[in-house]
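Asker: Got a structure for you, questions after.
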Amino acid sequence: MPERNQPALDFLLSRRSRPAKTLTTPGPSREALEVILTAGARTPDHGKLEPWRFIVLEGAAFARLTELVRTRGAALGKSEQDIAKSVKQFEDGVTCIAVVESPKDSPKVPAIEQTYSAGAACLALVNAGLASGWGANWLTGWHCYDRGFVEEGLGLAAHESIAGLIYFGTEQITPPERPRPELQEITTWISD
């Protein structure tokens with residue numbers, strides 16, 4: 001029987017993202033973020049391609065991106081409600097790590113596996129933030145899929161995309177537990 005890491009298992013069985021709108025200052029220091037980023041970089045990565053990279057957003061970057069969301073939303077004909085929802089992410093932001101999916105050409109590792117790895121990096125960052133005592137949440141929105149926004153606002157290359165925006169801050173409230181899937185409804189056992 002393998003040795004169980006009970007504290008890690010307890011964390012995983014009770015982890016809960018914190019709504020980004022409930023996070024406030026202060027956010028993690030650069031030193032704390034380096035620990036979180038190091039954990040994120042330990043994500044499973046078939047072929048050691050590193051098909052993702054990180055952009056840390058803080059300070060004045062939020063005001064700049066707020067204005068760009070407004071401009072891009074209007075240019076795309078987004079509703080005022082859709083624009084306001086995306087603007088709120090940046091207006092309320094304390095610290096954010098944008099996870100950029102940056103696929104590499106590989107004859108052995110299909111693009112979909114690289115996409116999964118970028119998603120795994122998002123979850124690793126959320127979990128590392130929560131384990132470090134910060135509130136953390138993984139968000140996206142229409143702006144994450146708008147080429148104008150990601151290229152102008154975040155400097156993404158044409159082949160890159162946003163896998164997630166991972167927000168961190170000090171937790172104001174602990175959210176109640178939410179319903180989780182019934183294990184027997186989502187699990188099939190095959191023994192022969």
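The values are calculated or read from the model by the stated rules, or taken from the named source; none is laboratory data. Here the structure is a predicted model, which means the values were calculated and not measured. Quick reminder, even Gly has a Cβ in these numbers, built from the backbone with ideal geometry, and neighbours come from all protein chains shown.
Asker: What are the residue pairs meeting all of these: first residue in segment 29-40, first residue farther than 18 Å from Gly59 by Cβ, second residue of a type outside the set (Gly, Ala, Ser) and outside any helix (DSSP H, G or I), Cβ atoms under 7 Å, and 6 or more apart or on different chains?
Answerer: Gly40/Phe54
Asker: Which residues, taken from segment 38-61, are in contact with an Asp or Glu (Cβ under 7 Å, 6 or more places away or on another chain) and assigned to a helix (DSSP H, G or I)?
Answerer: The answer is His46, and nothing else.
Asker: Mind checking whether some residue in segment 136-159 is more than 21 Å from Leu33 (Cβ to Cβ), surrounded by fewer than 19 Cβ atoms within 10 Å (Cβ to Cβ) and among the aromatic types (Phe, Trp, Tyr)?
Answerer: Yes, the conditions are met somewhere in segment 136-159.
Asker: Only residues that are small (Gly, Ala, Ser) and out of contact with any Asp or Glu (no Cβ under 7 Å at 6 or more places or on another chain): list them for segment 136-170, please.
Answerer: Once the filter is applied, which keeps residues that are small (Gly, Ala, Ser) and out of contact with any Asp or Glu (no Cβ under 7 Å at 6 or more places or on another chain), segment 136-170 yields Ala136, Gly141, Gly148, Gly153, Gly155, Ala157, Ala158, Gly164, Gly169.
Asker: Right, another one. Which of (1) of a type in the set (Lys, Arg); (2) modelled with pLDDT under 95; (3) surrounded by fewer than 17 Cβ atoms within 10 Å (Cβ to Cβ); (4) in a loop (DSSP other than H, G, I, E, B) does Lys108 not meet, given it meets every other one?
Answerer: (2)
Asker: Please find, within segment 139-185, the residue that is nearest to Ser29 (Cα to Cα) out of those that are small (Gly, Ala, Ser), under 18 Å from the mean Cα position of the chain (by Cα) and not in a loop (DSSP other than H, G, I, E, B).
Answerer: Looking at the filtered set, the residue picked out is Gly169.
Asker: For residues that are among the hydrophobic types (A, V, I, L, M, F, W, C), outside any helix (DSSP H, G or I) and under 30 Å from Val35 (Cα atoms), scanning just segment 62-103, find the one that is modelled with the lowest pLDDT.
Answerer: Val94
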